[in-house]
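The values are calculated or read from the model by the stated rules, or taken from the named source; none is laboratory data. Given the structure is predicted, the values throughout are model-derived calculations rather than measurements. Quick reminder, even Gly has a Cβ in these numbers, built from the backbone with ideal geometry, and neighbours come from all protein chains shown.
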């Protein structure tokens, strides 16, 4: 469970609302699902920067910018307020959060077709939108256990300002229940609790930025590396101390931010009394020099001069099934798939296999129906009733005689995304962010001795916040969000605060956005006209696909990542009779052992990938430097769900969409574009 630090402490304002929104939807909801199955066990990782912010909402010091605007009477909204509301009030999953609330869905359609956003809404419509936005983020526990929230959902529309104020107060009060639930479940032994370096930095890059080149030899690096090891040590020690204060004992385990590890990271954790940490299977395979999956299913103890530290490596396949794939499947089928995969591991193992399923705690669930409640209920029932498996907490593993523990003397550097640090360093924008941190820290060191102790503490806190992983996540072209500019501003605000605290002039470099240009949603552009391309397996004619819809799979919006893609771009179009698809990517190692399934309105169309042109099941496919498909559509549907799965033999290696259904539309198309 994690969020970066969104509060500007100097201004005393929280600038983004995600702690609050996930607080009312996920931070209580997910452990509550588990609590209904007391024989099951799990481990929850709580990041200090998240817990800090939850407490600020509880004690009233958060001063959340969005919530303060929502507390205003609609008639008192200023132009800047409306701009903020334009950015946030429809940031909810369309299928599972907006559509189930009919009035909210109606207002969303109006917003989509509005050139002036909420500027075209009446005061009553804005008020309804505000209330319904908050209700859309309410989890199942709240909907069932708060009579007021249930009544507001039943009411559906025509809310009053008084309704909104009671709702905001009700939700703020609910946040008080989150941490006590974790404490109660930990006390009963059903869950273990672990933590993370305080502000969620990538520890290996603070300890030695050259870890990026250990993970990937050709990684591009910032201009120079500043010594930041003292900040790494402080982030770990502060996290341990904070955990002791909140939970009454020191943590046994750490999830290093983004599963990022290195030998120096392991040393640092072990020196702070940490008994176990976790990372990804790629790190194990790099460590052992072998990708044999049977090596994954045991506990590893890394031998260090001052003692050992256990390292558990996650099964990426099972973890990503829950995080990415199962939201697209019928819950019973998803659970059956998960259990069959576990059974396969069990039956192919000579000893008791230890299977670590580790995934993000809050971001996947809005892509499931009903916030994944049915999926988890069915999964937990199955796990609880299955005689050949046992769930254990991470704290219990080391002393469990049934678990095979093997010793290792080295540990590869990398994270849980592709086994390297490319998400956080290497791109021009990411490297620029590191350079700004270095510049600011350098300035601080020059003036440190002239500053009072309390000011030094404030400055070092701002620097540690700026070292958090999330700011770097949104730089570069790995991920897209409409709020990229806000993340850039918030990152630089923490550096600006350092200069304010030193009472020094702000360098222009820090006042200048790191983003090279205003972000646009280049993930998906809609088709401009009908197309009828020549299907030959390559882009032989520039105009064939010029008016096609385009989906950039490298930039699909997500808060997480999956495997390295083979297909990097998907283009699609329609001519009134046939649907056309173009798959672009790196196909040099793709051959006969690969197959492709295309889903149109969930109907599968399966193809073998072999060089040349062929017809299968009434469809035409041609594979050369690209994959081109022609599929006859049934009827004159102008709107349909689109997806695909790419397999190597029986193993799925890529799929789209990652989360919920992806719908394409052809309503506005006509044969009107001419080229001379």
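Give the residue that is nearest to residue 425 (Cα to Cα), with candidates limited to residues of the stretch 466-485 that are at pLDDT 95 or above and either in contact with a strand residue (DSSP E or B) (Cβ under 9 Å, 6 or more places away or on another chain) or surrounded by fewer than 18 Cβ atoms within 10 Å (Cβ to Cβ) (or both). Only one residue fits best here, namely 469. In summary, residue 352 fulfils each of the numbered conditions (1) assigned to a helix (DSSP H, G or I); (2) touching a residue at least 12 places away in the same chain (Cβ under 8 Å) with the single exception of condition (1).
Going through (1) under 14 Å from the mean Cα position of the chain (by Cα); (2) buried (at least 19 other Cβ atoms within 10 Å of the Cβ) one by one, residue 359 falls short only on (2). Of all residues in the stretch 287-309, exactly one satisfies the criterion of being surrounded by 20 or more Cβ atoms within 10 Å (Cβ to Cβ), touching a helix residue (DSSP H, G or I) at 6+ places or on another chain (Cβ under 8 Å) and in a helix (DSSP H, G or I), namely 296. Taken over the stretch 364-390, the residue count meeting the criterion of being within 28 Å of residue 658 (Cβ to Cβ) and either in a helix (DSSP H, G or I) or touching a strand residue (DSSP E or B) at 6+ places or on another chain (Cβ under 6 Å) (or both) is 18. Can you pull out the residues in the stretch 112-125 that are without any contact (Cβ under 8 Å) to a residue 24 or more places away in the chain and surrounded by fewer than 19 Cβ atoms within 10 Å (Cβ to Cβ)? Residues satisfying the conditions are 112, 113, 114, 115, 116, 120, 122, 125. When the stretch 142-173 is filtered for residues that are buried (at least 20 other Cβ atoms within 10 Å of the Cβ) and within 24 Å of residue 59 (Cα to Cα), the ones remaining, listed by number, are 142, 149, 164, 167, 171. When you check residue 204 against the structure, is it closer than 30 Å to residue 428 by Cβ and part of a loop (DSSP other than H, G, I, E, B), yes or no? No; evaluated as a whole, the condition is false for this residue.
Assess whether residue 456 counts as being without any contact (Cβ under 8 Å) to a residue 12 or more places away in the chain and under 25 Å from residue 203 (Cα atoms). Taking the combined requirement at face value, the residue satisfies it. Is it the case that residue 347 is surrounded by fewer than 21 Cβ atoms within 10 Å (Cβ to Cβ) and under 17 Å from residue 34 (Cα atoms)? It is false that residue 347 is surrounded by fewer than 21 Cβ atoms within 10 Å (Cβ to Cβ) and under 17 Å from residue 34 (Cα atoms).
Residue-wise test of (1) under 29 Å from residue 223 (Cβ atoms); (2) assigned to a helix (DSSP H, G or I).
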position	(1), (2)
392	no, no
422	yes, no
435	yes, yes
463	yes, yes
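Using the structure shown, decide if residue 115 is at positive phi, assigned by TED's automatic domain parsing to the domain that holds residue 26 and not in a helix (DSSP H, G or I). Criteria not met by residue 115.
On inspection, residue 66 fails the criterion of being surrounded by 16 or more Cβ atoms within 10 Å (Cβ to Cβ) and either at pLDDT below 95 or farther than 29 Å from residue 471 by Cα (or both).
Residues that are outside the structural domain of residue 235 (by TED's automatic domain parsing) and at pLDDT 85 or above do occur in the stretch 537-547, at least one of them. Of the residues making up the stretch 48-85, those that are closer than 24 Å to residue 235 by Cβ and assigned to a loop (DSSP other than H, G, I, E, B) are 61, 62. Scanning for something assigned to a loop (DSSP other than H, G, I, E, B) and crowded, with 19+ Cβ neighbours inside 10 Å, does the stretch 310-318 turn up at least one residue? Within the stretch 310-318, one or more residues are assigned to a loop (DSSP other than H, G, I, E, B) and crowded, with 19+ Cβ neighbours inside 10 Å. Among the residues of the stretch 11-31, is there at least one that is closer than 16 Å to residue 63 by Cβ, part of a loop (DSSP other than H, G, I, E, B), under 18 Å from the mean Cα position of the chain (by Cα) and in contact (Cβ under 8 Å) with a residue 24 or more places away in the chain? Yes, there is a match, as at least one residue in the stretch 11-31 is closer than 16 Å to residue 63 by Cβ, part of a loop (DSSP other than H, G, I, E, B), under 18 Å from the mean Cα position of the chain (by Cα) and in contact (Cβ under 8 Å) with a residue 24 or more places away in the chain. Only one entry in 54, 46, 34 is over 14 Å from residue 179 (Cβ atoms) and modelled with pLDDT of 95 or more, namely 34.
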